[in-house]
Amino acid sequence: MTDRVLEVVQAGVVPYAEALEWQRSLAQARIERRIPHDMLLLLEHPPVVTLGRNSNDTHVLRSAGVDVFEVERGGDVTFHGPGQLVGYPIIDLTAYRQDLHWYLRALEQALIGALETLGIPAERNPGYTGVWTRRDGIRKIASIGVHVKQWVTWHGFALNVTTDLAHFDRIVPCGIPGVVMTSVERELGDGSKGRLWEETVAAVTQSFAHTFDVSVRRGSLTPQLDEVR
């Protein structure tokens with residue numbers, strides 16, 4: 001039985017700037033051992049475009065109507081918005097493997113496992129970070145971009161659940177020309193609505209526990225944020 005604990009916090013809809021401040025504060029607290037356990041923040045954002053360290057300004061095609069943030073995560077440009085499950089793991093990799101490539105592959109595997117639970121065959125696409133499905137042609141369903149400081153992670157993944165995919169027309173997603181984005185809802189068909197969000201959250205949480213070999217417990221941000229303030 002693992003003695004590693006992952007505290008999962010479902011935070012609802014959170015403005016991007018506020019969630020970014022949370023991540024940076026919690027990661028620093030984890031580095032300083034003021035937070036005893038790793039955390040996984042699960043939330044949604046209002047529509048926003050973010051630019052990673054490797055981004056190209058020409059990959060933002062239409063920014064009108066949404067905020068644009070330049071951030072420290074790896075990767076290029078991505079979109080966040082309603083119906084997209086965004087996950088921010090605050091994980092101390094010294095308890096796992098001090099290997100960024102291993103961590104990226106583990107994030108991919110956690111999402112692949114979650115999608116399998118939901119009935120969607122998913123896989124890696126060699127040469128690209130993220131998760132894809134090949135039903136009726138290859139499409140990207142989840143994006144990943146992370147930052148690590150002193151082996152503590154923040155930023156993370158964005159899994160399209162019921163996302164309005166037209167928003168991705170604003171950008172060249174992840175800087176990949178011609179990429180086609182998809183969602184859990186699109187892959188499962190019109191009959192998939194109902195408890196799709198709750199089922200996706202449960203599948204992701206379960207797959208994280210398996211992939212990272214951790215015990216999951218439900219948590220709240222309040223005591224952690226009180227600690228880091």
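The values are calculated or read from the model by the stated rules, or taken from the named source; none is laboratory data. What you see is a predicted model; the values in this text were computed from it and never measured. Here Cβ is always computed from backbone atoms with ideal geometry, including for glycine, and neighbour counts include all displayed protein chains. Please note that ligands, DNA and RNA were not included when accessible areas were found on the heavy atoms of the full protein model with its side chains. Shrake-Rupley method; radii C 1.70, N 1.55, O 1.52, S 1.80 Å.
Tabulated values for the structure
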quantity: Carbon plus sulfur fraction of accessible area for the chain, probe 1.4 Å, in percent; calculated: 48
quantity: Computed over the chain: relative contact order in percent, which uses C-alpha pairs under 8 Å that are six or more apart; calculated: 27
quantity: Between helix 100-118 and the chain: long-axis angle, C-alpha atoms, 0 to 90°, nearest 10; calculated: 60
quantity: Local electrostatic count, His45, Cβ distance below 12 Å [Lys/Arg +1, Asp/Glu -1]; calculated: -3
quantity: Accessible area (Å², per residue) of the chain, counting only protein heavy atoms and a probe of 1.4 Å; calculated: 45
quantity: Net charge dipole size for the chain [Lys, Arg +1 and Asp, Glu -1 on Cβ; Debye, nearest 20]; calculated: 260
quantity: Net charge of Cβ neighbours under 12 Å - reference Ile176; Lys, Arg +1; Asp, Glu -1; calculated: +1
quantity: Net +/- balance of residues flanking Arg62 in space, Cβ distance below 15 Å, scoring K and R +1, D and E -1; calculated: -3
